[in-house]
Each structure stands twice: as structure tokens, then as C-alpha cells.
1. Part of a loop (DSSP other than H, G, I, E, B), at pLDDT 95 or above and surrounded by 14 or more Cβ atoms within 10 Å (Cβ to Cβ): does that describe residue 152?
2. Given the criterion closer than 23 Å to residue 152 by Cα, at pLDDT below 90 and over 23 Å from the mean Cα position of the chain (by Cα), identify the matching residue among 11, 99, 44, 7.
3. Given the condition modelled with pLDDT of 90 or more and either farther than 17 Å from residue 302 by Cβ or part of a helix (DSSP H, G or I) (or both), answer yes or no: does some residue in the stretch 353-366 qualify?
4. Just one of (1) surrounded by fewer than 20 Cβ atoms within 10 Å (Cβ to Cβ); (2) not in a strand (DSSP E or B) trips up residue 99, so point out which.
5. Here are some residues: 168, 215, 204. Which one is closer than 23 Å to residue 88 by Cβ and either free of Cβ contacts under 8 Å to residues at least 12 places away in the same chain or touching a strand residue (DSSP E or B) at 6+ places or on another chain (Cβ under 7 Å) (or both)?
6. Can you go through 160, 190 and tell me which one is surrounded by 18 or more Cβ atoms within 10 Å (Cβ to Cβ), part of a loop (DSSP other than H, G, I, E, B) and in contact with a strand residue (DSSP E or B) (Cβ under 6 Å, 6 or more places away or on another chain)?
7. Between 179, 110, 119, which is under 22 Å from residue 265 (Cβ atoms), under 24 Å from the mean Cα position of the chain (by Cα), surrounded by 15 or more Cβ atoms within 10 Å (Cβ to Cβ) and free of Cβ contacts under 8 Å to residues at least 60 places away in the same chain?
């Protein structure tokens, strides 16, 4: 507990202006870069006893869920409060510079109880928010099965302190289950003003004309993978790309392929989504991914029940990471990955239960040739070994704590925050 008695579960972490901002259920805890506690920022006037958004639930995992987004131009941190309002915190003096009330379309979905995706486009000054929650019109009291997804885009002006809606809508799953949104990504540096939505069974492309967003039907990518769990933006040889990765939902046809189907992932150009490559995925539930630009490797982690391995890789069920190398001669990723088993203590065998498995939870970029793997029971650092022609564990940079579930992590310069 901190000196002023304020503490809480760390749900999201952001670093700015040499400070570490930690989202808890009631406050934002602020630390110096060396880990010394500074203060807290209260983001809620109410005590939500049942406010418990899930951050890892194997059946319904959403890798891109987060609750804070950084406006680097104006030194502001945007935060989704438990009542689904948004606070803008000045990262210099820690004051609440602006407070935006809960959107009219979100009033019936309070408090936050499923997941939020909050992203800020610093180049074009737009704030994106996705909120998944219980559909109050379709569920009796206590039932959370039928969902609805709110999606909003806001133009940010007045030095980051004013937001104006560009688009708002609620997609009800009883009307069209495929309209779930599991991640979003925008073309940060490209010529085209596009953004992408990960839906169920396809990736949706949207573009702005005169600052008005509309779906571009001809650029929709239909997939056989079912739920698209994560969109990873990265750059290779000057081209911005997006990897669309599967995370199979606990459903059958028509929402998910048959178990005998080899589920694929896609890599496409952020400026032209029709320029795409389809590759058989190592696993049907990709938990996280990272791209290392020096070695030009796309690294994925996964884990859990053996049935989620693709049939093509049924002999790889002892592995929990796969590496796809980018071939500069063809400008394509190699389709046969190399593999890593990080479970040296054998905990991956036995009962198919998350608590009993030391499964991967997050990949954290460290450098162009190294990364951290956060797991249920430990944190491991991997670096590329020329002698081994693969990534190996740094024995001097490991940390073990059984049952800690190290889910989050950020990199800022030479500082790495892993939680």
C-alpha cells in the first residue's frame, strides 16, 4: 500500500513525462520512473463494488483491451472512468484538465463491466473508444449473455481539452453477432486516412472524407478465422503493415470454423488492405504478438488446451511461441515458423486449466532483437542468439511468482514496467 493509503489492482499502465500512471478501480496511481510513489488521481466519486472488468479470461480474451490513451502533443492522459466518462489528466501537474460525461448512448451500460478499447491518434487528433457490455434491453436482471458494442470517434481540439463526436453507434449482437469489435487500429503514418475494425469473420476498413468516417466496402477482408482478436501495427522496410490474428471464441458454426479447419492469420498493408498475405496460424488462440524490426521477426504467443492448435501443427502442442520471419527478397513472411517452448519446468502438461498452466499472457517489446514474455507464473527475457539462430532465455533476467498473472507491460527508453 502507498503512503497515503491508496492502492488497487493494476489494470493498465502508461508512462509519460518520466512518470508511471497505473489504472486501478478507483484511482490513477502515479510513480516516478524509479518506482517511487508520487500521488494518486481520483477518477470516480462512487464505489463500484461489482466493478470488475476482466483482463484475461481464456474463453473470451480480448488482447487489445485497455483503459488509458496518451495525447503526447498536449501532455494529457485520457482515462475511462468506471462510470464510462472520460477524464483528461495533465501528466505534468496531475490535475484533471477536462472531464467529459458519459455519452448518451452509453448511459445504460454503466458501470464498466466487460472491456474497453481506448486509442488516440496523435497525428490527426482523434479519440477512438469501443465499449463492450451487457445489452440492458435484451437481458433480464443478472444476465450478461447478450451483448452490445458501442463505438465512438471524437475530434479533439482546444489543446486536447474539447471533444466533438464524429461518429457514434451501438451494435446490438441480437441484430448481427458478427458486428462485435475486438480491436481497432489506424494508419498512423500512411498516406491514406484509414482505420480498421476487427470483427467476427472479417476485418472492416473505414476511411475519412472531409473528416467524416465511412466504411469502405471494397476493402473488407473476409476471413475464415472467426473472431479476429488482435490487430498489430508495425513497420517493415518503410511499409506500415497490420497483422490480424485469430482468437477462437467458444462457439461452433457459423461463427467459428470446424475444429479440423486450419485457421489463418493475415498481414496487410495499412495503406492498401487488398495487398495482403494469408498464413496458417500456429494456434487458434493467439494471445499476443510483437514485431522485432532488426531481425524482422513476427513473434506470437499462445497456450492452453491442445485442441486449439491447428491440425497442421498437432505435433507442436508442447510449444507456446512461434516466429514468422520476413523475407526481404520476396517482401513476404515465411509461412513455416520456428518454435519456442518457454515452459522449462513442465507445467504445460496435465489439466487444461488456466490457473494450473504457466501460460503466456503478454509479449513486451524491449529492443529490435529482444522482448519480455509475461506469463501466469513468471517473466522471461528473450534475446536473439546468432549461435542458436533463435531466441533464447536470458538466465539473468527472469522473475518467478506463482499465480501472479503478469498481464501488462510497457517500454519507455531503457525503462521497462512489467506487471
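The values are calculated or read from the model by the stated rules, or taken from the named source; none is laboratory data. Values in this document were obtained by computation on a predicted structure and should not be read as measured data. When we count neighbours, we look across all protein chains shown, and the Cβ atoms used for this are built from the backbone with ideal geometry, even at glycine.
1. Details: part of a loop (DSSP other than H, G, I, E, B): no; at pLDDT 95 or above: yes; surrounded by 14 or more Cβ atoms within 10 Å (Cβ to Cβ): yes.
So residue 152 does not fit the description; no.
2. On the way: 11 fails: over 23 Å from the mean Cα position of the chain (by Cα); 99 fails: at pLDDT below 90; 7 fails: closer than 23 Å to residue 152 by Cα.
Being closer than 23 Å to residue 152 by Cα, at pLDDT below 90 and over 23 Å from the mean Cα position of the chain (by Cα) holds for just one of 11, 99, 44, 7, which is 44.
3. Checking the stretch 353-366: at least one residue is modelled with pLDDT of 90 or more and either farther than 17 Å from residue 302 by Cβ or part of a helix (DSSP H, G or I) (or both).
4. Result: residue 99 passes all but (2).
5. Details: 215 fails: closer than 23 Å to residue 88 by Cβ; 204 fails: closer than 23 Å to residue 88 by Cβ.
Testing whether each residue is closer than 23 Å to residue 88 by Cβ and either free of Cβ contacts under 8 Å to residues at least 12 places away in the same chain or touching a strand residue (DSSP E or B) at 6+ places or on another chain (Cβ under 7 Å) (or both) leaves just 168.
6. Values: 190 fails: surrounded by 18 or more Cβ atoms within 10 Å (Cβ to Cβ).
None of the other options fit; the residue is 160.
7. On the way: 110 fails: under 22 Å from residue 265 (Cβ atoms); 119 fails: free of Cβ contacts under 8 Å to residues at least 60 places away in the same chain.
Result: 179 is the single residue among 179, 110, 119 that is under 22 Å from residue 265 (Cβ atoms), under 24 Å from the mean Cα position of the chain (by Cα), surrounded by 15 or more Cβ atoms within 10 Å (Cβ to Cβ) and free of Cβ contacts under 8 Å to residues at least 60 places away in the same chain.
Here's the yes/no breakdown for (1) at pLDDT 95 or above; (2) under 21 Å from residue 391 (Cβ atoms); (3) in contact with a strand residue (DSSP E or B) (Cβ under 7 Å, 6 or more places away or on another chain):
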| residue | (1), (2), (3) |
| --- | --- |
| 238 | no, no, no |
| 243 | yes, yes, yes |
| 247 | no, no, yes |
| 253 | no, no, no |
| 257 | no, no, yes |
| 260 | no, no, no |
| 267 | yes, yes, yes |
| 277 | yes, no, yes |
| 314 | no, no, no |
